[in-house]
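One structure below.
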Amino acid sequence: MTYLEIFGAHEREEIDAYIIAPSCIYGIGDGPVKRASQQIPLMINTSFKYKQAVYVGKGTNVWNNVHISDLVKLYDLVYIHATSVRDGKSPRPKKFENFYLGSVGEYAWGDIAKHLGPLLHREGLANTPEARSITADEMNSPAVATNSRSLAERSRSLGWSPAAKDVYNTLQEDLDAVLGSPK
């Protein structure tokens with residue numbers, strides 16, 4: 001089922017639907033299952049292959065990001081809002097008004113790689129602290145060669161106030177998680 005089909009069913013009042021679309025999730029979750037995200041661990045694992053931190057192309061492509069703990073807070077707020085609507089305390093959202101973006105800051109992938117380089121080198125996992133460019137095919141994920149930008153205004157209108165550390169201050173945690181030894 002696509003987003004449009006979900007929105008249509010919501011508009012016809014067949015279902016109550018709320019969609020949260022996070023940007024690049026970073027940080028380590030504190031739940032019992034999958035704790036690491038996808039994109040940054042992918043970059044770390046690809047860097048192991050090249051013995052150097054890597055990025056795609058010029059590294060200028062930009063993505064928004066959100067820390068997992070801030071994203072959990074957004075899910076809580078959307079749930080509270082949805083139950084308020086269900087209980088008749090808030091008006092039913094119109095088509096697309098039930099779509100929430102989870103994004104806080106933004107970064108260029110090349111900057112992430114340049115911050116990862118010294119961490120990898122210090123751990124003996126890279127031959128140099130410098131980052132280098134590779135192709136999207138070499139990264140094995142074309143997504144990290146794209147731009148993904150958004151504004152989470154509707155999410156903030158619910159009172160969402162992200163407060164977690166920025167992405168650069170969590171890279172060591174991501175590296176530790178990939179290595180299987182969270183500190």
Taking the Cβ-Cβ separation of L179 and S150 as r and a Förster radius of 25 Å, what is the calculated FRET efficiency to the nearest 0.05?
0.20
Given Cβ point charges of +1 (Lys, Arg) and -1 (Asp, Glu) and nothing else, what value in debye, to the nearest 20, does the dipole of the stretch 1-92 about its Cα centre take?
580
The extension gain from E130 to D111, computed as 0.36 nm times the residue separation minus the Cα-Cα distance, is 5.7 nm
Between S157 and D87, what is 0.36 nm times their sequence separation minus the Cα-Cα distance? Round to one decimal in nm.
23.2 nm
Using only the alpha carbon atoms of the stretch 1-73, find the Kirkwood hydrodynamic radius as the inverse mean reciprocal pair distance, in angstroms to one decimal.
15.3
Towards the positive end of the charge dipole of the stretch 3-179, with charges on Cβ (+1 Lys, Arg; -1 Asp, Glu), say which of W160, V56, L74 has the farthest Cα.
V56
Space enclosed by the convex hull of the alpha-carbon atoms of the stretch 3-179, per residue, Å³
121
So how strong a dipole does the stretch 87-183 carry about its Cα centre when Lys and Arg Cβ are +1 and Asp and Glu Cβ are -1, to the nearest 20 debye?
580
Rounded to the nearest 500, what is the chain's calculated 222 nm mean residue ellipticity when only DSSP H runs of at least 4 contribute -39500 (n - 2.57) each, over all residues?
-11500 deg cm²/dmol
To the nearest 20 debye, what charge dipole does the chain have about its Cα centre, counting +1 at the Cβ of each Lys and Arg and -1 at the Cβ of each Asp and Glu?
180
Past 24 Å, Cα to Cα: identify those pairs from K58/K165; K49/K114; K58/K114, in the order given.
K58/K165
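Each value in this text was obtained by applying a stated rule to the coordinates, not by laboratory testing. Nothing here was measured: the structure is a model prediction, and the numbers come from that model. Methodologically, a virtual Cβ is constructed for each residue, glycine included, from the backbone with ideal geometry; neighbour enumeration extends over all protein chains shown.
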